[in-house]
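To keep things clear, I will list the structure first and then write my remarks on it.
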Amino acid sequence: MPKTLLDYAKADYLCSCGKRHRTDLRSLLIAPDAGFQLAELLRTPSFGDIKSVLLVADENTWQAAGEQVAARLGEAGIRFRQIVFPGTPALVADERAAFAILNALDDKIGLLAAIGTGTLNDLTRFVSSRAGRPYVIVATAPSMDGYASTVAAMTIANMKQTVPGQGAQAIIADPAVLAACPQAMSAAGLGDILGKYSAVCDWRLGRMVEGEYYCDEIANLISDTTASCHAQAGNSSPEAASELFSALIMTGIAMSYAGNSRPASGSEHHLSHFWEMAFLRQNKPAVLHGSKVGLATIITLALYHHLTGLKPDFAAARAQVRPFDREAFAKKMRQVFADGADPIIALGLGSGAHDPERILDHVDRLESGWTELQALIRASVPAPEAVRDALEKAGGATRPETLGIGMDLIEDSLRYACEMRDRYTVLRLYADLGLTDEAIRLVAELFG
């Protein structure tokens, strides 16, 4: 087993799960003066002959780190150009922004550098992979877990989607810059990390119910990392910021190991994506991804803990299964997702998630494994109050209204967020057992 974070990043081995675990990441520098670190890195043989660099930032991250990076590159004689998006309104990782970056490329640019966090990172990862050029990250906040991921969260045709990208070859961060970020951003990073409690449990649930690929080594790595960060909630020192940042990188490494986002993204992310899409349709200001994930995690943990004292009527669950009405499904998805419905309809019609025989098989597996599932929840899922208290210590959001989310949107997300991915989660479990209304009542009481 690897020992350090960089060891994990550079590892390349065949795991007992049957999958080869590796990442694209070759350099990880958490040290003062990120611009100097980048300039020095570009002189190493591993980066070959980089003639020019495209810096991708927004006005906020340019001020936080981009200006210094540009100055250091200039001092080192490394040519660069920059594209700096407005600081407000919040940037969206959509087709328009991706095209702007593509349009800034020329034949001399051999490397893209994302100066920032989530959206800028997703855009740069997506564009660099399509352009066939490597990229690096100069991080400005410990706010999300996608730094070491190989997939990009993009909004395409008004639909939040996870699309293939490539991993960064290097991640660079200055601890002082990380610690100086707005409190809301570090709280969002903690929220993203705490979401792994339900993500890992959803992954284990998916193995139980659908027999999907699962790696216990990855799951345990994520669980240990999450618990360590949970214990540090509220600590705002540079050392704590670096530890949170390292944990966020570790979850990205875990996603690279698995080859998808399953170890780090479950029902809590599906709820978050549903709310984000609703905000886009309503032209409401964007909310930090991790802030939504943290709030959603309070909800998903409450749903899980409710199951520990529940004795489902499995016979009634089977009796409520009906033939799949494809036309009615498509109509409802258009009502719920509006102009973002097409890919969701295609997924629902093609995945078999609503096939009666598949649902009945789920119920059978849930009934035979119910005691095992309850034991898993008790052993690995903290109470929602524990996550709420940690987020409060960090200055994070713990109630829907704080993020501008109404209970009507909460209700819709509990009913329909599971349609956004073909992954088995606690949301699909409640649907399969005919208990979605009970979930809605439970969450209403949680925030009542």
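The values are calculated or read from the model by the stated rules, or taken from the named source; none is laboratory data. In this text the structure is predicted, and so the values were computed from the model without any measurement. Cβ placement follows ideal geometry from the backbone for every residue including glycine, while neighbour counts extend to all protein chains displayed.
Here His354 passes the criteria (1) free of Cβ contacts under 8 Å to residues at least 60 places away in the same chain; (2) in a helix (DSSP H, G or I) except the one numbered (2).
Annotation note: Cβ proximity below 7 Å between a residue of the stretch 26-40 that is touching a residue at least 40 places away in the same chain (Cβ under 8 Å) and a residue that is among the hydroxyl-bearing types (Ser, Thr, Tyr) and not in a strand (DSSP E or B) (sequence gap 6+ or interchain) occurs for Arg26/Ser46; Ile30/Ser242. For the stretch 313-354, a residue qualifies if it is within 23 Å of Leu271 (Cβ to Cβ) and either β-branched (Val, Ile, Thr) or not assigned by TED's automatic domain parsing to the domain that holds Glu210 (or both), and the qualifying residues are Val336, Ile344, Ile345. Applying the set (1) at pLDDT 90 or above; (2) under 22 Å from Leu248 (Cβ atoms) to Asp24 leaves exactly one unmet item: (1).
Yes or no: the stretch 240-263 includes at least one residue that is closer than 18 Å to Gly406 by Cα and assigned to a helix (DSSP H, G or I).
The answer is no, given that none of the residues of the stretch 240-263 is closer than 18 Å to Gly406 by Cα and assigned to a helix (DSSP H, G or I).
Kindly check whether there is at least one residue in the stretch 394-405 that is crowded, with 16+ Cβ neighbours inside 10 Å and touching an Asp or Glu at 6+ places or on another chain (Cβ under 9 Å). Yes, the conditions are met somewhere in the stretch 394-405.
Counting the residues of the stretch 219-250 that are modelled with pLDDT under 95 and touching a Pro at 6+ places or on another chain (Cβ under 7 Å) gives 6. Residues of the stretch 265-315 that are of a type in the set (A, V, I, L, M), surrounded by fewer than 24 Cβ atoms within 10 Å (Cβ to Cβ) and outside any helix (DSSP H, G or I): Ala286, Val287, Leu310.
Out of the stretch 376-393, which residues are free of Cβ contacts under 8 Å to residues at least 24 places away in the same chain and either over 23 Å from Ser143 (Cα atoms) or of a type outside the set (Asp, Glu) (or both)? Ala379 - this is the single residue of the stretch 376-393 that is free of Cβ contacts under 8 Å to residues at least 24 places away in the same chain and either over 23 Å from Ser143 (Cα atoms) or of a type outside the set (Asp, Glu) (or both). For the condition under 19 Å from the mean Cα position of the chain (by Cα), at pLDDT 95 or above, surrounded by 24 or more Cβ atoms within 10 Å (Cβ to Cβ) and closer than 26 Å to Asp33 by Cα, Leu194 does not qualify. If you go through the stretch 341-348 one residue at a time, do you hit one that is under 23 Å from Ala199 (Cβ atoms), crowded, with 20+ Cβ neighbours inside 10 Å and either small (Gly, Ala, Ser) or in contact with a Ser or Thr (Cβ under 7 Å, 6 or more places away or on another chain) (or both)? There is at least one residue in the stretch 341-348 that is under 23 Å from Ala199 (Cβ atoms), crowded, with 20+ Cβ neighbours inside 10 Å and either small (Gly, Ala, Ser) or in contact with a Ser or Thr (Cβ under 7 Å, 6 or more places away or on another chain) (or both).
Residues that are more than 18 Å from Gln169 (Cβ to Cβ) and acidic (Asp, Glu): list the strands (runs of 3 or more DSSP E) wholly contained in the stretch 1-82 that include at least 1 such residues.
Because the criterion is at least 1 residues that are more than 18 Å from Gln169 (Cβ to Cβ) and acidic (Asp, Glu), the strands (runs of 3 or more DSSP E) in the stretch 1-82 that meet it are 52-58.
Can you confirm whether Ser256 is modelled with pLDDT under 90 and crowded, with 21+ Cβ neighbours inside 10 Å? Yes; evaluated as a whole, the condition is true for this residue.
The residues of the stretch 123-161 that are surrounded by fewer than 19 Cβ atoms within 10 Å (Cβ to Cβ) and either closer than 13 Å to Ser261 by Cα or among the charged types (D, E, K, R) (or both), listed by number, are Arg130, Arg133, Gln161. Tell me, yes or no, whether the stretch 402-412 has at least one residue that is closer than 27 Å to Glu212 by Cβ and in contact (Cβ under 8 Å) with a residue 60 or more places away in the chain. Yes, the stretch 402-412 contains a residue that is closer than 27 Å to Glu212 by Cβ and in contact (Cβ under 8 Å) with a residue 60 or more places away in the chain. Considering every residue within the stretch 27-44, establish whether at least one is surrounded by 11 or more Cβ atoms within 10 Å (Cβ to Cβ), polar (S, T, N, Q), touching a helix residue (DSSP H, G or I) at 6+ places or on another chain (Cβ under 9 Å) and closer than 24 Å to Met255 by Cα. There is at least one residue in the stretch 27-44 that is surrounded by 11 or more Cβ atoms within 10 Å (Cβ to Cβ), polar (S, T, N, Q), touching a helix residue (DSSP H, G or I) at 6+ places or on another chain (Cβ under 9 Å) and closer than 24 Å to Met255 by Cα.
Residues in the stretch 197-228 that are under 14 Å from Thr425 (Cα atoms), buried (at least 23 other Cβ atoms within 10 Å of the Cβ) and within 18 Å of the chain's Cα centre (by Cα): 7 in all. Does Thr300 satisfy being under 30 Å from Thr119 (Cβ atoms) and not hydrophobic (A, V, I, L, M, F, W, C)? Yes, satisfied.
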